[in-house]
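Notes to accompany the following structure.
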């Protein structure tokens, strides 16, 4: 399995954009939604995001289906939803 360093070399995860959005929205509870290809790396991504936020933000991982940007989880009480996806 790839570690986060290998993953960031292969994919542009745009973690810097996620951190900026978390800060600008003052989010404290963030739900992350991944396509099936990235789900095996979800906990590695969360660990990296926790470090980047100094563990001041809680992250949840959506394990349900993800069929694109229109497939939004119906979850209450989160401050921010981040959808990871594929691009060409």
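Our summary gives region 4-83 a relative contact order of 43 percent, counting only alpha carbon pairs under 8 angstrom and 6 or more residues apart. Taken over the C-alpha atoms, the chain has Rg and Dmax values of 12.5, 34 angstrom. A full extension of the chain between residue 77 and residue 36 corresponds to an added length of 12.3 nm, given 0.36 nm per residue minus the alpha carbon distance. Taking 0.36 nm per residue of separation and subtracting the current Cα-Cα distance, fully stretching the chain between residue 11 and residue 60 would add 15.5 nm.
No lab work stands behind these numbers, since they all come straight from the coordinates. Keep in mind it's a predicted model, so treat the numbers as computed, not measured.
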